[in-house]
Each structure stands twice: as C-alpha cells, then as structure tokens.
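The values are calculated or read from the model by the stated rules, or taken from the named source; none is laboratory data. Computed from a predicted model, the values in this text were never measured in an experiment. So basically every Cβ, Gly included, is an ideal-geometry build from the backbone, and we count neighbours across all protein chains shown.
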Amino acid sequence: MSTVIEVRDLTVAYRENPVLWDIDLDVGSGTLMAIVGPNGAGKTTLIKTILGLIKPAAGQIRILGQPYHKVATSVGYVPQRGSVDWDFPTSVLDVVLMGLYGRLGWIRRPGSMQRKEALAALEKVDMVDYSHQQISQLSGGQQQRVFLARALVQKAQVYFMDEPLQGVDATTEHAIIDLLQVLRSSGKTVVVVHHDLQTVSSYFDEVFLLNIRRISSGPVSEVFTDQNLKLTYGGRVAIIKEPTS
Amino acid sequence: MSAFHWEIQLVSMVVATACALPGTFLVLRKMAMMSDAISHAILPGIVIGFFLTENLSSPLLILGGAVAGLLTVALVEWIRKTDRVREDAAIGLVFSTLFALGVLMIAQFANDVHLDIDAVLLGELAFVPFDRLMLFGRDLGPQALYATGIVGLLCAGFILLFYKELKLATFDSALCATLGFLPGVLHYSLMGLVSMTAVAAFDAVGSILVIALMVGPPASAYLMTHQLSKMILYSIILAILAAISGYWAAYLLDASIAGCMATMVGVEFAVLFCVAPHQGLLVAWKRRRHQRWAFAIKMLVIHLLQHEDTPESEQECRVDHLQDHLAWEQPFAEGVVARALSRKLIRSVGEYLELTPSGRNLAHQAMVHV
Amino acid sequence: MIEQLLGDYTLRTVTLGAAILGAVSGVLSTFVVLRQQSLLGDAVSHAALPGIGLAFLITGSKASLILMIGAGIAGWLGTALVLLITHSSRVKYDSALGLVLSVFFGIGLVLLTFIQKSSLPNQAGLDSFLFGQAASLVMEDVLTMTVVGGLALVVILLFWKEFKLLAFDPDFARSLVLPVRWLDVGCTTLLVVVIVIGLQTVGVVLMSAMIIAPAAAARQWTDHFGMMTLISMIIGMLCGTGGSILSATTSNLPTGPIIVVCTSGVVVMSILAAPHRGILWNKIRQILQNRRLRAEAVLLDLFDLAKQHETPEYPHMEEVLRVIYPQSGSLLRQLQGLQSKGLVMRNEHGAWALTPDGVIRCHQLIKERTP
C-alpha cells in the first residue's frame, strides 16, 4: 500500500486566527477514510487546502508524490451540496460534463464522446433517467448523486468529498456508500468529511479525528474510541455503541 | 464673506447630519445599496408632488418621495418573495425603472413645468439661499434649511426613541421578533426615514450624492469603532467635516459643491482606511508583521509538542528539518528559532530543539485558545 | 414607418446603436444576474463618470473610443476598489459599493463642472453621458460600439464553458486548476466594457437596468443556460430597437428611459406569464389542481357512501352529500362536472350515483393514494 495523500505540518490561518494547526495526514491507496470532528473543526478547510482552494500558512501537501496542480486531473472533488445555486439554469447532464472541463482544456467543447462518459457516470449513480432534468427539480439526494457523478466522470485516483451524506435519504445514503466501497476496492483513495458518528465504524476503514489539530488517525477499530472522541468533541459526546451480540 | 456662504454651509451641515443618522443603520444592516435604490426611486414621487405644488421645497414633495421610497422597498420585497428574481437584481430593476419613469414624466411635461432633471440628480447647493421661507412678510432663512432640519430632527427623534429596539433589530433580528418588537415595522419606518431624508436632501445635494452622505461617513466611522453610539457620533462629525471641507474645495475649484462634498467623503474614507486605529491598513500591516513572528513561534512550539516523545521526533525536531516540514525559508526559520530561544521557549540540545516548560505551556495554551 | 426608419439617418443610427447595445448587454446580463453582480453593475456605471471627464481633460478629444477607454478604466478601478475595501477592512460589500459609486460620481461631477467652467474648446455635450443622448450617436460611434461589443461576444464564446463553470461553481473550477481569479477578472472586465458601450446611449444612471433586465426576463422562459443567453440577447435587442423607434416617433420621450421601461415591462410580463415559472400559470395550475382534488373528493365520498349498500352504483340524494359539505356551495357544480365526464349520473328521482366508469376511476384513485 503506497501513500497517496501526504500532508506535513499543515497550518492554515484566516486573517490572524489559526483554523488548522500543524496537521499531519497520510492516506494510502485503496483507503476509505472519514474526517470527523465538531463544527468549526476545520474539516472543510482541510479538504479545500489540500485541493489548493485555500492557501496554507505553512506545511507541505503531496498527492501521488506531487504538488496538487500537477496531478489535478487525477483528483476528483465533491463540494458541499449547499455551495452552489441549484436554481442555476442547467441540466443534470451539463453539470456532470463540468467534471470533464479539466481534461478538455481551453476552448474545446464537450462532444459526443464526453456525453457518453457523462451518461456512464450517471448510470453508476442511477440517475440516467434524469439526465435532461433541470437541476432545481431534483431532491437533495438526487442533487448529491449528480455531484458524485461529476466527480466519477473525472476518472480520478483520489476523491475528496465534503459531507456527501448530509441531508440525503436513506436509499441514496446506501447507494453512495456502496459506490464508495466499489471505488475503494478498485484501489482508489476516498476521503470523506463525515458528520454522523454512529455510522463511522460501519462505513469507513480509517478515520481522522480533527479539531483544529489532529487528535488521532488510523484504522477505525483502533482510533475511534470513546477517549479519542471525548478529546475531539471536548467531552460533549457520547457514542451509542450497538450491543455486541 | 457674505451671508450666503454661511447659509450654504449651514444647510450642507444639516443635510450631512440628517443623512448620516439613518445611514448608520443602513450600513450596519448591510443595506447600504437601499440608499442608492431609494434616492433614485423617489424621482417619480417628487415629480408628481411637484406637479401638484409647483414648489420644490414643499412638504408634500417629501411625503410623495417617502411614498415612492416605501413603494420601492415593498416592490423589491414582493419580487424577492416570488422567488423568480434574486434580491440584488430586484433592487436594480425596481429603482432604475422608477427612475426612468420619473425622467419620462419630466420629459413629457417639460414644457409646462420648470423641473430640470439635472437639478434632481445633481442638486445645486449654490441656489439654496435664493429659495427663502417667508412668513408674515419676514424672511426666516432658506427653505431647504427648514426642510432638512425638520427631517433631521425626525430621524434623531426616531433613533433616540427606539434606540434599543433598533440596536436589537440590527444585530439580531430574530431575537427582536421573538421579543415582540416587530422588526418589520422598524424596517419600514427606517426605510421611510431614508426616503424622507433623501427627498429633503436632493434639492440641495442631488439624489446621487445623498448616497455618498448616507453611506460614506457611517462606513468611515465603522472603521474607527465597534460601538453603535460612538459610530453614530463619529458619522455625524465626519459628515459635517466633509460638508464644510467640500464646500471650501468647491469654492476654490469653482466646481460643483455637492460633487466636492462627495469627494471629501471619499477622501475621509481613504484616509481612515489607511490609518484608522485597529482597522487601518497601516496598523493591520504592522500587526501582521508582528503576528507573523508570534504566529511562527507558536507554530514551532506546537510542532515540537506534537512530535515530543514520538519515534520520529529525532527527525522532526532538527533545526534543518523545519525548513522542509514547515516550508519556511532558511533565514525565516533561523529567525523564528532565535526569537524562541531568546524568549526561553525552547532550548537546543545538540542539533535538536526541545521545549522548555514555558514553551510547553505556550503550546498548550495556543491549542486550547483556538 | 419602415420607410421612415430606413430613410432617416439619425433614426437609423440610433436604432442600430440601441439594437447592438441591447444584444451585447443582453448576453452579458446572463452572467451578471447569475453571478449576482447586479448592484456591482450599477456601481461600475456610476463610477465610469470621472473617467469620461479625465479622458477629455487629457486628450481634449470627444471621440467615443477615447471616452470609452477613460470610462472603462475608471469603472474597472471602481470594481478593484470595492474588492480592496471588502478584502482588507470590515466594511461590507454593500457599503463598499455605495461608497465607490457615489464618491466616483461626485469626482466625476467635479470634473464635469470644472470642464464646463473652463475655457476648453469643444466641451459641449459631455454631460449627455449622465442620462445618455441617443440622438447624438453618429455612424462612427455605432461602428465603435459594434467592434468593441463584437470583441466582447467573441471572448465570451471562446471561454463559454469556463465562464459558465465560474458562474455555477467557482470552487469546483478551482479544483480543476482553472485560473479562477483571472476568469473572474475577465468576466468583470467584460461587464465594464459593456457598460461603457452603453453610456452614450442610455447614460450612467440607467445603464445598470440594461445589464439586469434582459436576463431577469429570459430566466423565466428557459432552464437552459445557452438558451437563456440567447433569449436575453433577443430581448435586449428588441427592446433597444423598439425603444428607440418609440422615442423617435413620439415627442418628448428620451431614448434611454424608454428602453429601460420597455425591458422592465418585459421582465414583469415574464415573471407573470412565462410558462412553467410564470406566477400566473402557477396560480392557474394551483386552482385547477384544487378543483380536481375537490371533485375527486366528492367522487370518493359517493363511493364510500355506496359501500354500505350492495352495489357501488347505489344512488344518493344531493342532500345526503350536503351533510358532508355543509358549507360548500359548489357541490352541485362538482357533481355536474363529474357528470359531464361520465363518472356520475343522475337518476329520475334526482339522486346521484356512480357510473361503471366512475367506479373504475375510484378504484384507480384509491390505488394511487395508497403508497
């Protein structure tokens, strides 16, 4: 298992206030990792900084052994659903095609080849029937699937997803998790910002506990302990353990 | 120096004060552009009022303008509620349409009335002393002084009476509603005051420079203080300063008085933007330079703390590794280490750095503090 | 009137200019409205005024290209200042806009009054930029507008997909390593360019309407980005043409305001009457749906009442039904409506009963409503 994402001593500051302190993060290939922490812990900031959307104050970030801008075509990104205007006049297929803009380069327009790829990605999230729908007519779960398809069409090695399970229905949640596990099994690396502590152990291999600084990280079975969670959430959390039968 | 000069300055000071009062709340409520919308949209109200009274300083005009202003607010609200057009586009559409209607009305009846569109938009303070208030054959001074003075007093009275409600509605509209203070009513009253002030002031400074006086001084004051009462006070002082300095600049340049007043508003803001205490660019720059070191020292101690007693500490805590791992330039890294050493936060053990107790303390504090 | 249009040089020039302006601003307005930059447009157009004055002071020329360049630089500087203020102080976006707008305008006024009172030759007509003076357009101006506007359109077409992504999801664009900052600067620069093109025709005060209204209207008619841009362009062009003809054929109707009123009229009409999004249609759809639901309720009540009898087609008097709907005056109307669809019938005693079709429909409805 080779290291795919390597973050060293990453510090991010907004104006003069630190939002991430001295973060180290290593993720190997074929890993499905959850980033977990309270609100304002810097989960989204961490992802955005790795993707070059935020400039760090210090530290190093390597993806596939390279700086981000050199391997951007191998990285897929699913932003938070609420970050865009869903009343934008565009169709589902159009949104998925946007995932190909990076590979297309300047000026060239997506053609039938790209359309086919986009449809294939929509097939994977079971949204082909909606490809010509306007995006405002979709439910929350469907919007999330469209965003996922847009990342899938990037045919990336590494995926970063910001709260893909936030506010989706149970069917979509299972469909998305199945898909993430398929990606993982085919050797991709998937990093997911996740908020639901109850499902961490059943969905993910590894977990990264974050609250401004790294609390702990590693395999879920080792790291996801009451003590670590208390450290992360400041003792205000109790995880309901499912009875072991 | 003739009486005219004093009268013009007096009127401009009163106008500036009257504008700064409701303007403070516009700026704080992130609705500064409503002054733009309202000051344009009152035009048809003024025109209709003028047709009826044939007098640009009539109180009826102020009423007409206030109605037009409130109509703008209501229309924007209505369009926004249909959810078909976003609020910013709705504002832009409503006021430009109302303004265009006003211009068309003036053009249609241009031959019958003496209302010049330039006069409405640009105003001319220099003519203010010629329009006098006569009562029982006695000359009581320029009419504009009374119009703006009364509206200014109205604004001041409203703010004094409802100070705590306005403060609450501005900073926490939801709480205000749950306490039963009707933020909607406060909002419309404030918008009504903005409209009335705009109408009263347009005659003197023109409708576009009303915006400068409503937004400029409060925005400058906002750079100086966090306190509402002080912000109002500073706004008024800055507005009066801009009015007087603008007047004299216009006198020297022989240019539009209102234009010069707006320019002075801009100058005030530019100066404060650079040198304001706490907020100014200069102070921020100095603070950032200082904080860069402080921040870096904190980073260093936290870095050392994170790797204390870990197997890789030998690697991580070497001076030359800081450059690699924290991506610091060599001189900067050396500077940080030197400063941390001199403050006895760390000590060097051979090639390694080690936290002192006070350094460990700082690191813990820094992490708890965030 | 066509003859008049073709024959009159001034009218032809003005109409052509207004049509081109409408088309270009129509295209740009799509981006402005979707990126929520409507009020920035207003600020830019006001901020352009000192640029016109300075360009004239420096060059002494009134050639439209030179004044446009001056206005463009001032407008662009205004935008940059708004960004600077919001980025490096706690003053909010709206205050920064209002401040830049009014202060620049004030400086512009100072310059214009200064020029007017100076003894510079050839200065008359500069103040026509305040409200625009379409009648002063000459063929050369229209040519400049065409070339500059055409260039703007070419740039938009070339970077179509990048600008679209910028408008929809700038963060995702940045994750694709697109130079989002430069695209943003480019898009805003195009906005400045288009505003500057319109100043002579519509004037600084009303230009903002030209870059909001066409797209606000077009959005109601389509859910497709490209189509929206096209419709917006057509609306801009038609309103430009229509407004300038109206202004020329009626006395005392200045061109700029009438064009603005035309486009706003189209917006109102679109919000009300556009299919799918129009609020009138929505109201009608709602009323129809409510009516259908009420009729279905009556039908199902008949079905329920008949359950107590051996046949679902058992007839009931209107009075019995009225017990269920004591307030409804429309019961008879509902029943007659159902009758005309052949779902119920009235027997010789005046009692109402389901027809076989009505029974089938009831079964369908019950099936539809059980999840």
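Quick look at the numbers
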| quantity | calculated |
| --- | --- |
| Boolean, B:Ile208 is touching a residue at least 24 places away in the same chain (Cβ under 8 Å) and more than 12 Å from every other protein chain (Cβ to nearest Cβ) | no |
| Residue in region A:63-94 that is nearest to the other protein chains (Cβ to nearest Cβ), counting only those that are part of a strand (DSSP E or B) and buried (at least 18 other Cβ atoms within 10 Å of the Cβ) | A:Tyr77 |
| For A:Pro56: the one exception among (1) part of a loop (DSSP other than H, G, I, E, B); (2) modelled with pLDDT of 90 or more; (3) of a type outside the set (Phe, Trp, Tyr) | (2) |
| Of residues in region A:5-26 being assigned to a strand (DSSP E or B) and at positive phi, the one surrounded by the fewest Cβ atoms within 10 Å (Cβ to Cβ) | A:Asp9 |
| Count - residues of region C:337-350 that are surrounded by fewer than 16 Cβ atoms within 10 Å (Cβ to Cβ) and of a type in the set (A, V, I, L, M, F, W, C) | 0 |
| Filtered residue count, region C:36-69, keeping only those that are touching a residue at least 24 places away in the same chain (Cβ under 8 Å), of a type outside the set (A, V, I, L, M, F, W, C) and closer than 14 Å to C:Ala213 by Cα | 4 |
| Selection within region C:153-189 - in a loop (DSSP other than H, G, I, E, B) and in contact (Cβ under 8 Å) with a residue 24 or more places away in the chain | C:Phe159 |
| Unique residue being of a type in the set (Lys, Arg) and under 28 Å from C:Thr144 (Cβ atoms) when the list is C:Lys62, C:Lys92 | C:Lys62 |
| Flag if C:Val192 is in contact with a helix residue (DSSP H, G or I) (Cβ under 8 Å, 6 or more places away or on another chain), more than 8 Å from every other protein chain (Cβ to nearest Cβ), part of a helix (DSSP H, G or I) and at pLDDT 90 or above | yes |
| Residues of region B:262-280 classified as modelled with pLDDT of 90 or more and of a type outside the set (Phe, Trp, Tyr), total | 11 |
| Residue check, B:Tyr234 closer than 16 Å to B:Gly23 by Cα and more than 9 Å from chain C (Cβ to nearest Cβ) | yes |
| From the options A:Leu138, A:Leu104, A:Leu119, A:Leu152, residue that is surrounded by 15 or more Cβ atoms within 10 Å (Cβ to Cβ), under 17 Å from A:Leu183 (Cα atoms) and not small (Gly, Ala, Ser) | A:Leu152 |
| Out of B:Gly149, B:Gly141, B:Gly180, sole residue that is assigned to a loop (DSSP other than H, G, I, E, B) and more than 21 Å from the chain's Cα centre (by Cα) | B:Gly180 |
| Residue among C:Phe105, C:Phe114, C:Phe31 that alone is closer than 18 Å to C:Val193 by Cβ and among the aromatic types (Phe, Trp, Tyr) | C:Phe31 |
| Matching residues in region B:1-58 - criterion: being more than 11 Å from chain C (Cβ to nearest Cβ) and either part of a loop (DSSP other than H, G, I, E, B) or touching a His at 6+ places or on another chain (Cβ under 7 Å) (or both) | B:Met1, B:Ser2, B:Glu54, B:Asn55, B:Leu56, B:Ser57, B:Ser58 |
| From the options C:Phe114, C:Phe105, residue that is within 16 Å of B:Ile208 (Cβ to Cβ), part of a helix (DSSP H, G or I) and either without any contact (Cβ under 8 Å) to a residue 24 or more places away in the chain or within 14 Å of chain B (Cβ to nearest Cβ) (or both) | C:Phe105 |
| All positions within region A:133-157 that are outside any helix (DSSP H, G or I) and within 10 Å of chain C (Cβ to nearest Cβ) | A:Gln133, A:Gln134, A:Gln154 |
| Tabulated pairs, region B:120-149, first under 21 Å from B:Val47 (Cβ atoms), second of a type in the set (Lys, Arg) and at pLDDT 70 or above, C-beta under 9 angstrom, 6+ apart or interchain | B:Gln143/B:Arg132 |
| Elements of type helices (runs of 4 or more DSSP H) in region B:239-317, at least 3 residues being within 23 Å of B:Pro22 (Cα to Cα) and either among the β-branched types (Val, Ile, Thr) or in contact with a Leu (Cβ under 7 Å, 6 or more places away or on another chain) (or both) | B:257-275 |
| Residues of region B:219-248 that turn out to be of a type in the set (Ser, Thr, Tyr) and farther than 25 Å from C:Thr86 by Cβ, as a count | 3 |
| Odd one out for C:Leu305, checked against (1) surrounded by 15 or more Cβ atoms within 10 Å (Cβ to Cβ); (2) closer than 30 Å to B:Val94 by Cα | (2) |
| Which listed residue, of A:Leu97, A:Leu51, A:Leu104, A:Leu10, is out of contact with any helix residue (DSSP H, G or I) (no Cβ under 6 Å at 6 or more places or on another chain), facing another protein chain (nearest Cβ under 10 Å) and within 28 Å of A:Gln142 (Cβ to Cβ) | A:Leu104 |
| Residue within region C:71-91 that is surrounded by fewer than 24 Cβ atoms within 10 Å (Cβ to Cβ), among the β-branched types (Val, Ile, Thr), within 10 Å of another protein chain (Cβ to nearest Cβ) and not in a loop (DSSP other than H, G, I, E, B) present | yes |
| C:Gly149 vs. criteria away from every other protein chain (no Cβ under 14 Å), assigned to a helix (DSSP H, G or I) and among the small types (Gly, Ala, Ser) | yes |
| All helices (runs of 4 or more DSSP H) inside region C:263-349 with 1 or more residues being within 14 Å of chain B (Cβ to nearest Cβ) | C:279-306 |
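For every residue, the table says whether it meets (1) more than 13 Å from chain B (Cβ to nearest Cβ); (2) touching a Gly at 6+ places or on another chain (Cβ under 9 Å).
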position	(1), (2)
C:Leu54	yes, yes
C:Ser64	yes, no
C:Tyr93	no, no
C:Ala135	no, no
C:Val138	yes, no
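This table checks each residue for (1) modelled with pLDDT of 85 or more; (2) in the same structural domain as C:Leu166 (by TED's automatic domain parsing); (3) over 40 Å from the mean Cα position of the chain (by Cα).
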site	(1), (2), (3)
C:Gly243	yes, yes, no
C:Gly256	yes, yes, no
C:Val260	yes, yes, no
C:Gln286	yes, no, no
C:Gln308	no, no, yes
